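Below is one structure, written out as structure tokens, with a few remarks after it.
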Amino acid sequence: MKKINVVGNNIRRFRENKGITQEELALKSGLSQGYINQLENGKRRYTQKTLELIAESLSVLVVELFKEGDKKITTSKAEDFEIQKAKKKTYKKELPDLLNGLPDHIIEHYISLLRLEKELLKKANKS
């Protein structure tokens, strides 16, 4: 009887849905590309820590990596909030890396845009 590689298949599916390579996922998660490849192909075991790193890098909850097939797990409002919080946490980590090394005038441009977006959101929420 063939073993189903649910976790590895889900890692691959989420990674491909995000349009990133194994190497990009490895860089984001701090793991090696070879390890990601072996997980996806069911040739390596995972640990809780590595799944947490991968899930955070993919902006999904760890539990999403254990879903079989196309079965959907319905989430509560609290779980939806946690998913959004995890995504925001990932963005906050990524932003300094993106800005690092850019010329000051470009950084100032993006900061101006972010401030404008924040003001527009405030106005929209008051309405």
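Rule-based calculations on the coordinates, nothing more; no lab input. All of these numbers come straight from a predicted model, not from anything done at the bench. FYI the Cβ positions are ideal-geometry reconstructions off the backbone, even for glycines, and counts take in every protein chain you see.
Values as computed for the structure displayed
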item: When each of Lys3/Lys28; Lys28/Lys118; Lys28/Lys49; Lys43/Lys67; Lys28/Lys123 is checked by Cα-Cα distance, pairs over 24 Å; result: Lys3/Lys28; Lys28/Lys118; Lys28/Lys123
item: Gain in span if fully extended, Lys123 to Glu68, counting 0.36 nm per residue against the direct Cα distance; result: 15.5 nm
item: Karplus-derived 3J(HN,Hα), 6.51/-1.76/1.60, for each residue of the stretch 46-63, Hz, glycine and proline x; result: 10, 10, 4, 4, 5, 5, 5, 4, 5, 4, 5, 5, 8, 6, 10, 7, 4, 4
item: Listed peptides 44-55, 101-112, 20-31 by packing density, highest first (mean Cβ within 10 Å); result: 20-31, 44-55, 101-112
